[in-house]
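Input: a single structure, listed below in structure tokens.
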Amino acid sequence: MIHAFTIPASVEVAQREKGHVRGLFDWLRNAPWTEPGFSALVLSFVMFGVLGGISGVIIGGVQINMLAHNTLTVPAHFHMTVVAGTTLAFMGITYYLVPLIFRREVFLPSWAKAQPWIYGLGMLVFGIGMGFAGHLEGLPRRHFDIHFGGLPLANGVFEGAAVDLYLAIMGIGAILAFIGGGMYVIVAAGTVFLGRRSTTPDIGRVDAQAFALPTVSGASGEPEPEAHHDPNKFEAPGTFALATAFLVLFALLYAYSWIELSEVSWVIR
């Protein structure tokens, strides 16, 4: 919850200082979504915090873990945290660091804008397919053959249209993520070796206008910021609403997991 508030709140305060002060989410609507560094940050945050974070807490409990531990639910959680969340975060920061270190402009900026979205969407689809396969169908992890070579142990439980559907969703997500990952390699390597040299690179801002600070002329003719904060007002009401929604979602999913656990038929011999 600390991360769920502080990181978006920093973005919200900065956006409100730029003049996006209407309602709760004007700052979010006018965020620089075409900036690969920013979009990677948001996607990373959602993947790691919402999908990976909630699932991790739920399956981390001893009782629920008895149902989930040896299923694809666990690697689905890992893919949301590490492969999606952490990887996207490092991808995003390189859009700022690589131009700064090598003094070159971002190579193929249109690819850079799309890359976090393609990779993030691919990992989201992959995680959903894997999570459903493990959670709803109980597909095992750590095994190369979910059918167990036709042995009686499987007993046909890992067969059927639903299993095939979830595995197909995983495959589609993996293809999209592979494309997004390949785009990142091309953009990053191209920036290092082929990017236009510049003594003052734009440091990853492929859409610099999105970062421009709105200004108006003051009485003296000097530009002044449009928005002025009242110190008595809460600085990040939109983030507070989002963090509250996150907490409610977490509580509902956590409660639902216990309802599912209560419906399991335990056989004691």
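The values are calculated or read from the model by the stated rules, or taken from the named source; none is laboratory data. Please read all numbers here as calculations on a predicted model, not as lab measurements. With ideal geometry, Cβ positions are generated from the backbone for all residues, glycine too; neighbour counts draw on all protein chains shown. Accessible surface areas use protein heavy atoms only, side chains included; no ligands, DNA or RNA. Shrake-Rupley method; radii C 1.70, N 1.55, O 1.52, S 1.80 Å.
Within region 104-143, the set of residues being β-branched (Val, Ile, Thr) and outside any loop (DSSP other than H, G, I, E, B) comprises ILE118, VAL125, ILE128. Of the helices (runs of 4 or more DSSP H) entirely within region 15-83, those holding at least 2 residues that are touching a residue at least 24 places away in the same chain (Cβ under 8 Å) and either over 18 Å from GLU137 (Cβ atoms) or within 15 Å of the chain's Cα centre (by Cα) (or both) occupy 26-29, 36-45, 53-60, 73-78.
The lone criterion from (1) among the polar types (S, T, N, Q); (2) out of contact with any helix residue (DSSP H, G or I) (no Cβ under 6 Å at 6 or more places or on another chain); (3) at pLDDT below 90 left unmet by THR244 is number (3). Annotation note: Cβ proximity below 7 Å between a residue of region 87-108 that is more than 17 Å from SER39 (Cα to Cα) and a residue that is aliphatic (A, V, I, L, M) and open to solvent by 80 Å² or more (accessible area, probe 1.4 Å) (sequence gap 6+ or interchain) occurs for PHE107/LEU194.
Looking at (1) surrounded by fewer than 22 Cβ atoms within 10 Å (Cβ to Cβ); (2) touching a Ser or Thr at 6+ places or on another chain (Cβ under 9 Å), find the lone condition where ASN70 falls short. Against the list (1) surrounded by fewer than 22 Cβ atoms within 10 Å (Cβ to Cβ); (2) touching a Ser or Thr at 6+ places or on another chain (Cβ under 9 Å), ASN70 comes up short only on (2).
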